Amino acid sequence: MNLVFLGPPGAGKGTQAAVVSQTLKIPHISTGDMFRKAMREGTPTGLKAKAYIDNGQLVPDSVTIEMVAERLAEADCANGYLLDGFPRNLDQAKALEGISKLTAVVDIAVADEKLIARLSGRRVCPKCGGTYHITKLADEKVCPDCGGELIQRDDDNPATIANRLSVYHAQTSPLTEYYAGKGILKQVDGALQMEEVTSQILNALAE
Ligand code: ADP
Ligand code: ZN
């Protein structure tokens, strides 16, 4: 299955994509994770992406599309993949069509008020890659899974969150119409409990 997960920042795409990709045994390809790794390693892609990411803007398509095209050409994608965070605008969607044929697009919908609360309380573990919310942590600084030190992502500050949401509404949300028109859109309610969202997704994909 060639899948795309759509949804606003904070919808839980990354969390759901991790679970669903394991269940379906296909690689989870997160462009946000790829950019963060590139920035940590100081690669040319990371250096180009940093200012955009820090501002909550999209990294230019020329950079992003090439990065994704190279990743999809790797052997582990031959039997399917789950894209998380790509495409994020219509030009990226059209570029993807030129590379690969999608099986389904899952849209995880959540209202803005809820997203702001989720993103501003989000903590991540650089050691194991886990994502948590302060309301569910015994200690805001300690990873419940590996004991690593939790941090807040640089782009989870109020100004950058606001920009990411407006970029989402202007550029990414039109993709739901686009994929609905192609008959491959599956919509799920991202405001539900995590496990319920997962089962909605798996049910929708089994249809
Ligand atoms: P979120 O969905 O929570 O905003 P991501 O980890 O998916 O976070 O992305 C973080 C940032 O990486 C985005 O705000 C954007 O700057 C950049 N980025 C990720 N995917 C893309 C993409 N497909 N096109 C352009 N920029 C991207
Ligand atoms: Zn951890």
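Dividing the mean sequence gap of close Cα pairs (under 8 Å, 6+ apart) by how many residues the chain holds gives a relative contact order of 30 percent.
Region 50-77 and region 2-47 have their alpha-carbon centroids 11 Å apart. Between the amide H of ARG153 and those of VAL124, distances stay under 5 Å, these residues lying 5 or more places away or on another chain, with hydrogens modeled in the peptide plane. Taking 22 Å as the cut-off for C-alpha to C-alpha distance, list the pairs among LYS50/LYS101; LYS37/LYS94; LYS114/LYS136 that go past it. Among LYS50/LYS101; LYS37/LYS94; LYS114/LYS136, the Cα-Cα distance tops 22 Å for LYS50/LYS101; LYS37/LYS94. Sequentially through region 97-103, phi angles give Karplus couplings (6.51, -1.76, 1.60; θ = phi - 60°) of 4, x, 9, 7, 9, 7, 8 Hz, Gly and Pro residues having no value and appearing as x. Helical content alone sets the calculated 222 nm signal of the chain at -14000 deg cm²/dmol, taking -39,500 (n - 2.57) per DSSP H segment of four or more residues and averaging over every residue. In sequence order, region 46-51 has phi-based couplings of x, 5, 5, 7, 3, 5 Hz under the Karplus curve 6.51 cos²θ - 1.76 cosθ + 1.60, θ = phi - 60°, and Gly or Pro positions carry x. Normalising the average separation of contacting C-alpha pairs (under 8 angstrom, six or more residues apart) by the number of residues puts the relative contact order of region 96-178 at 24 percent.
Rounded to two decimals, the Cα-based Rg/Rh of the chain, with Kirkwood Rh, is 0.93. Taking label points 7 Å from Cα along the Cα-to-Cβ direction, MET194 and ILE99 give a separation of 2.9 nm. Set the Cα radius of gyration of region 1-52 against 2.2 N^0.38 Å, with N its number of residues, and you get 1.30.
Proximity of backbone amide H atoms, modeled 1.01 Å from N, is registered between GLY130 and CYS125 at under 5 Å, excluding neighbours fewer than 5 places apart on the same chain.
Based on alpha-carbon atoms, the Kirkwood radius and the radius of gyration of region 28-119 give Rg/Rh equal to 0.98.
For region 123-207, a Kirkwood hydrodynamic radius built from all Cα pairs, placed in the Stokes-Einstein relation at 20 °C and 1.002 mPa s, yields a translational diffusion coefficient of 136 µm²/s.
Coordinate-derived values only; no laboratory data. Computed from a prediction, not measured in an experiment: that's the story for all the values here. Every residue, glycine as well, gets a Cβ built from its backbone with ideal geometry; the counts of neighbours run over all protein chains shown.
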